[in-house]
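J.: Before we start, here is the structure in question, set down as structure tokens.
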Amino acid sequence: MKKNKTLYRILIVAAFLALFAGILFGISQLLAYLNTGADRSTMLHLDLERENYYVPEVLWESIENTGRPLEPANQEKIEQDYLDAWYVKNQALFTGDDAGIYERYTKSARAKVRELISYNASEDISIESTTLSHHLTLDFYNADGTLAVLTDRNVRGVEQLSQNDEFVLQREFNNDYRIVLLLEDGFWRVRHFELLQTHPIKENKPVISSDVRNLAGLNYYPQDSPWDTFGENFDAAQIAADFKIIQDLQLNTIRIFLSYEDFKISEGSIEKMEKLTKLLDQADKADLEVMVTLFDFYGDYGIQDWTLTNAYLKNIVDHIKDHPAVFAWDIKNEPDLDYDSREKRKVNAWLSQTITRLKELDSINPVTIGWSTAAAAVELEDQVDLVSYHYYQDLENLSATHQELKSKTTKPIVLQEIGWSSYHGLWNPFGMDEEDQAEKYTEFFTTQKRDSINYLSWTLYDFQEVPSSVAGSRPWRRNKQQYFGLINVDGEEKPSYNTFLKK
């Protein structure tokens, strides 16, 4: 009995000590949280690093300060917290949720932001907006490093206003602001935000004159890596051999595709860019001009994404715009196919601002958009330098279709994709075979020469596999996509190859 009482006492003491330890641990974790602040991604309801959700261009025009110098680390922190203040405010006006406002604005400034949120909610207004560029000047930085005054000039951005779930208007802005920031709890919070001046919006989409007469070429993927030109199978020697084949076919132009996921700014994109440069070098050696299709497999278009796509654009354009092989930029492949799922208005708004940004980066090389049909090719015709369309309909209607488009524009026209599959099998028993494909090309070249059509055929090779993301999983679609080439999967020339030689 005595042993049992002793055992009970030991268990009670152990339980008490465990409970006490748990309480101490909880208190220590709470204190650590209060001292360090909540995780930034949690506060902003984000699971990504900052550069993955909002990256407007930022230029510090001056950080001169007569008192305390602005240290590089503090400059970076001020910039980061200031941009996050823009971001959470834009998110709040779009969603009606004030997440992140507490960490980015002082008490008095928070009240003003919440007033805007409440007013929008009462009127059923939603504003989707972003800024695209900032030009910062440090006006004041106090001695103890807790107060900073900035002027932010030429803040360029865009906003779309909807009411009662109906789109009302889109407007661009270019404004100057004065901002007072206070350092509180480790955050540079906005205390005062004042609009100083509004600038008129300047149209900056000059048309680039371009002579593309006698453009003859094809859309290019390496045979063993279709839709993944710059992946693990990249082989500069094989690409050089392919370009020699294209040159021997008396073609002068190729069109290549850059995947948004591959080339957006990251450590992996550096290797992709090196491969892209090698491809362009080989094209230059083969006297081939290159039309570079940007934003392949991109499909968001929302305003909140525009700083990301602009950063992607700048990364590529700055790197290769002066390469002698680059002939033209193709903003995106068949964006009109996204009209139903993403809204035509949003797609065209993104295309328009991307053209503007591209022409700011490169005023030499012409710009086009790869529309899926001639009917769609009149979209944004006044903003592009080349009008491009794809054609996979009845060949007998090509001439009339081309002439109709020609009557609607004075810009050079490129038939950017045309071709015929030679798949004749289980899933397409009545389809064309290789001889039929050659006959179609013979007929096409008759029309092409008569109407002086600039063209890029689809494509050099047949492919062993086509990604399901391209053609879906249905075999009658996927199999057909594998056999558009001039050379079969065994490396043998198809009859259409000889048609190209004789054209």
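J.: So which residues in region 434-455 are under 12 Å from LYS503 (Cα atoms) and aromatic (Phe, Trp, Tyr), if there are any at all?
T.: The answer is TYR441, PHE444, PHE445.
J.: Give me a count of the residues in region 129-177 that are assigned to a strand (DSSP E or B), open to solvent by 20 Å² or more (accessible area, probe 1.4 Å) and not hydroxyl-bearing (Ser, Thr, Tyr).
T.: The number of residues fulfilling the criteria is 20.
J.: If LEU196 satisfies all but one of (1) open to solvent by less than 20 Å² (accessible area, probe 1.4 Å); (2) modelled with pLDDT of 95 or more, what's the number of the condition it fails?
T.: Here LEU196 meets the rest and fails (1).
J.: Quick one: in region 93-125, which of the residues that are aliphatic (A, V, I, L, M), more than 21 Å from GLU194 (Cβ to Cβ) and without any contact (Cβ under 8 Å) to a residue 40 or more places away in the chain is most open to solvent (accessible area, probe 1.4 Å)? Show your work before the answer.
T.: Step one: filter region 93-125 for residues aliphatic (A, V, I, L, M), giving 93, 99, 101, 109, 111, 113, 116-117, 121, 125.
When the remaining residues are screened for being more than 21 Å from GLU194 (Cβ to Cβ), the result is 99, 121, 125.
Keeping just the survivors that are without any contact (Cβ under 8 Å) to a residue 40 or more places away in the chain gives 121, 125.
Numbers: ALA121: 76, ILE125: 34 Å².
So, considering only residues that are aliphatic (A, V, I, L, M), more than 21 Å from GLU194 (Cβ to Cβ) and without any contact (Cβ under 8 Å) to a residue 40 or more places away in the chain, the one most open to solvent (accessible area, probe 1.4 Å) is ALA121.
J.: Would you be able to tell me the number of residues in region 282-331 that are at pLDDT 95 or above and in a loop (DSSP other than H, G, I, E, B)?
T.: 10
J.: Now for a different question. Go through region 310-331 and give me each residue that's open to solvent by less than 10 Å² (accessible area, probe 1.4 Å) and among the small types (Gly, Ala, Ser).
T.: ALA325, ALA328
J.: Any residue at all in region 410-420 that's at pLDDT 95 or above and over 25 Å from SER388 (Cα atoms)?
T.: Checked region 410-420: no residue is at pLDDT 95 or above and over 25 Å from SER388 (Cα atoms).
J.: With surrounded by 15 or more Cβ atoms within 10 Å (Cβ to Cβ) and either under 29 Å from LYS494 (Cα atoms) or among the hydrophobic types (A, V, I, L, M, F, W, C) (or both) as the only criterion, which of ILE270, ILE265 stands out?
T.: The conditions single out ILE265.
J.: Yes or no: region 63-80 includes at least one residue that is aliphatic (A, V, I, L, M), open to solvent by 30 Å² or more (accessible area, probe 1.4 Å), assigned to a strand (DSSP E or B) and under 23 Å from ASN154 (Cβ atoms).
T.: Pass one, region 63-80, residues aliphatic (A, V, I, L, M): 63, 70, 73, 78.
Those left that are additionally open to solvent by 30 Å² or more (accessible area, probe 1.4 Å): 63, 73.
Narrowing the set further to residues that are assigned to a strand (DSSP E or B) leaves none.
Within region 63-80 (the criterion being aliphatic (A, V, I, L, M), open to solvent by 30 Å² or more (accessible area, probe 1.4 Å), assigned to a strand (DSSP E or B) and under 23 Å from ASN154 (Cβ atoms)), the answer is no, since none of the residues qualifies.
J.: Scan (1) surrounded by fewer than 22 Cβ atoms within 10 Å (Cβ to Cβ); (2) in contact with a helix residue (DSSP H, G or I) (Cβ under 8 Å, 6 or more places away or on another chain); (3) in a loop (DSSP other than H, G, I, E, B) for the single condition ILE239 breaks and write down its number.
T.: Going through (1) surrounded by fewer than 22 Cβ atoms within 10 Å (Cβ to Cβ); (2) in contact with a helix residue (DSSP H, G or I) (Cβ under 8 Å, 6 or more places away or on another chain); (3) in a loop (DSSP other than H, G, I, E, B) one by one, ILE239 breaks only (3).
Results for (1) touching a residue at least 40 places away in the same chain (Cβ under 8 Å); (2) among the small types (Gly, Ala, Ser), shown as yes or no for each residue.
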position: LEU395; (1), (2): yes, no
position: THR401; (1), (2): no, no
position: SER407; (1), (2): no, yes
position: THR410; (1), (2): no, no
position: VAL414; (1), (2): yes, no
position: ARG450; (1), (2): yes, no
position: TYR455; (1), (2): yes, no
position: GLY472; (1), (2): no, yes
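J.: Consider region 374-387. How many of its residues are within 16 Å of ASP451 (Cβ to Cβ) and either surrounded by fewer than 20 Cβ atoms within 10 Å (Cβ to Cβ) or within 23 Å of the chain's Cα centre (by Cα) (or both)?
T.: Total meeting the criteria: 2.
The values are calculated or read from the model by the stated rules, or taken from the named source; none is laboratory data. As the structure is a prediction and not an experimental result, all values here were calculated from the model. So basically every Cβ, Gly included, is an ideal-geometry build from the backbone, and we count neighbours across all protein chains shown. We work out accessible area using only protein heavy atoms, side chains counted, and drop any ligands, DNA or RNA first. Shrake-Rupley method; radii C 1.70, N 1.55, O 1.52, S 1.80 Å.
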